[in-house]
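*Asks:* Submitted below is the structure of interest, expressed as structure tokens.
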Amino acid sequence: MNNEFFLPATLNDSITNDSVRFHKFTGILQAKQWENPENKYSFGKRAYLGFDFVKIGIPGYSGDEYFTDTYSDIYVGAGIFRETGKFWNWNFDGRFYITGYHSGQTKITGSIYKPLNFLKDTAAFIEITANLQNKVPDYFQHRYHSNHYTWYNSFNHEQQMKAGIRLSSEKRNFEMGANYALINNFIYNDTLGIPSQTKNELLVFSAYLNKKFILGNFTFDAKLLFQKSSSEEFIHLPDFSAYAGIYYKLLISKVMYTQIGLDTRFNTRYYADAYNPATGFFYLQNEKEIGNYPYIDAYVSLKLKRTRVFFKLINVGSDVFNKEYFTALHHPMNRMTFRLGVDWKFYD
């Protein structure tokens, strides 16, 4: 077997036929009391008891049989909420795993939603969210065995603290927000594609701005994203990402709805994660930076009654710009490609 693309085989040197089986059954018993919308001091309450049963199969050590493992979790949770208030709404929830593989895992979430008048839009709102989690690593981060990859890890719980804020106005076609995350014992896939854990404290910040402009039959949709992490050794992110979509709508002969447009995506150069098809993992790589070029699609969409036809040119820029287009390391994008599609609904 060619070891240029694969690690040396551990089960069979001539063929690989790995597969992983994952079955999960979940049940929740819940008691919930709704708030009284007529009473501004009323709020809803919920309490629940949950159960998860998981059965996993991975290739056995001989390669001929599967090694199976099972585990079950029992957890309890409770929450309070206010969803009908005119002044503000909120929701707080907590969950704790009592027994099982995820024993000791906790998760507390909260959000505050405040309607406001933003540039004469009374339906606008501001929302603040928070999330605090003490997370047990995933089963496959701890243990995995196949023809080319084997690991047995003993990771500590991963602690995550996240907070975010956003301002949204549907009437003004506008949204902006920011998110902040603090992570301890971060688990990542290293440059060999193997799950690893760092004791370093990671900080990740992001901010975005979305705005849609409508002028007659023209629509221009713009989205901007800024991201920054405190340690690029363990997580790789592009500093800036952007999306710009422009399209023109018209009605032909009063019956055919037509839309002609361009979609453009862009991100600054960064060491985008590589992909390992043997495990389905994305993992860190420091070999080649990817990005700093636009990815452009051009399309025409026609709709007549219950039938829709579209014509699309994908990755137009590959024939215009002298750039190497990749989705991940060693996984090039298709060059400019034409696609035709038909969607015919027999019943609406």
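The values are calculated or read from the model by the stated rules, or taken from the named source; none is laboratory data. Please read all numbers here as calculations on a predicted model, not as lab measurements. Note that each Cβ is placed from the backbone with ideal geometry, even for glycine, and that neighbours are counted across all protein chains shown.
*Asks:* Among R306, R339, which is the only one that is at pLDDT 85 or above and of a type in the set (D, E, K, R)?
*Replies:* Of the residues listed, the single one that is at pLDDT 85 or above and of a type in the set (D, E, K, R) is R339.
*Asks:* Examine region 81-94 for a residue that is surrounded by 17 or more Cβ atoms within 10 Å (Cβ to Cβ), without any contact (Cβ under 8 Å) to a residue 24 or more places away in the chain, part of a strand (DSSP E or B) and not aromatic (F, W, Y), and state whether such a residue exists.
*Replies:* Within region 81-94 (the criterion being surrounded by 17 or more Cβ atoms within 10 Å (Cβ to Cβ), without any contact (Cβ under 8 Å) to a residue 24 or more places away in the chain, part of a strand (DSSP E or B) and not aromatic (F, W, Y)), the answer is yes, since at least one residue qualifies.
Residue by residue, here is whether (1) touching a residue at least 40 places away in the same chain (Cβ under 8 Å); (2) touching a strand residue (DSSP E or B) at 6+ places or on another chain (Cβ under 9 Å); (3) not aliphatic (A, V, I, L, M) holds:
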| position | (1), (2), (3) |
| --- | --- |
| A124 | yes, yes, no |
| L132 | no, yes, no |
| K135 | no, yes, yes |
| N156 | yes, yes, yes |
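*Asks:* Which condition breaks for L192 when tested against (1) assigned by TED's automatic domain parsing to the domain that holds L119; (2) modelled with pLDDT under 95?
*Replies:* Going through (1) assigned by TED's automatic domain parsing to the domain that holds L119; (2) modelled with pLDDT under 95 one by one, L192 breaks only (1).
*Asks:* Six or more apart or on different chains, Cβ atoms under 7 Å: show the pairs whose first residue is in region 302-325 and under 13 Å from F338 (Cα atoms) and whose second is of a type in the set (S, T, N, Q).
*Replies:* Every condition considered, the pairs that remain are F310/S301; I314/N334; I314/T337; N315/N334; N315/T337.
*Asks:* Could you count how many residues in region 176-197 are of a type in the set (D, E, K, R) and touching a Gly at 6+ places or on another chain (Cβ under 7 Å)?
*Replies:* Qualifying residue count for the region: 0.
*Asks:* Run down K228, K223 and say which single residue is under 19 Å from the mean Cα position of the chain (by Cα), surrounded by fewer than 15 Cβ atoms within 10 Å (Cβ to Cβ) and of a type in the set (K, R).
*Replies:* One residue alone meets the criteria, K228.
*Asks:* Looking at this structure, is F155 surrounded by fewer than 16 Cβ atoms within 10 Å (Cβ to Cβ), over 28 Å from W90 (Cβ atoms) and of a type outside the set (S, T, Y)?
*Replies:* yes
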